[in-house]
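Shown next, in structure tokens, is the structure this report addresses.
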Amino acid sequence: MLWLSELLMQRHDLDSFDGLVAAIEEKAQQGERFFSMDVKPPYADTPDNWEERLEAIFTSVKN
């Protein structure tokens, strides 16, 4: 299970929403099967529809 909060704690190098998207794509490619968005990303460029966008990224890699 990929928890967004854990990813953010592990990856202090991420400084934008786009960087987060790339990190989630990477985790999905490594075989993570489930994704939980338990916190809002802290980036200034986080869009209002961040949950939908992250879920779409994660599931598109899985298909």
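Values quoted throughout were computed directly from the atomic coordinates according to the rules given, and no laboratory measurement underlies them. Just so it is clear, the structure is predicted and the values come from calculations on it, not from any experiment. Cβ atoms come from the backbone with ideal geometry, glycine included; neighbour counts cover every protein chain shown.
For Met9, Met37, the sequence from fewest to most other C-beta atoms within 10 Å is Met9, Met37.
Loop-located trypsin sites (Lys or Arg not before Pro) across the chain with a Cβ neighbour count of 12 or fewer within 10 Å are Arg33, with loop assigned by DSSP. Across the chain, the mean sequence separation of Cα contacts (distance under 8 Å, 6 or more residues apart), normalised by length, yields a relative contact order of 48 percent.
Three principal axis extents of the stretch 2-62 based on alpha-carbon atoms, in descending order, are 28, 23, 18 Å.
With neighbour counts taken as other beta-carbon atoms within 10 Å, the residues Ile57, Ile24 rank, fewest first, as Ile57, Ile24.
Using the rule -39500 (n - 2.57) for each DSSP H run of four or more residues, divided by the residues of the chain, the 222 nm mean residue ellipticity is -16000 deg cm²/dmol.
Per-residue 3J(HN,Hα) values for the stretch 23-32, derived from phi via the Karplus relation 6.51 cos²θ - 1.76 cosθ + 1.60 with θ = phi - 60°, read 5, 5, 4, 4, 5, 5, 5, 7, x, 4 Hz in sequence order (x marks Gly and Pro).
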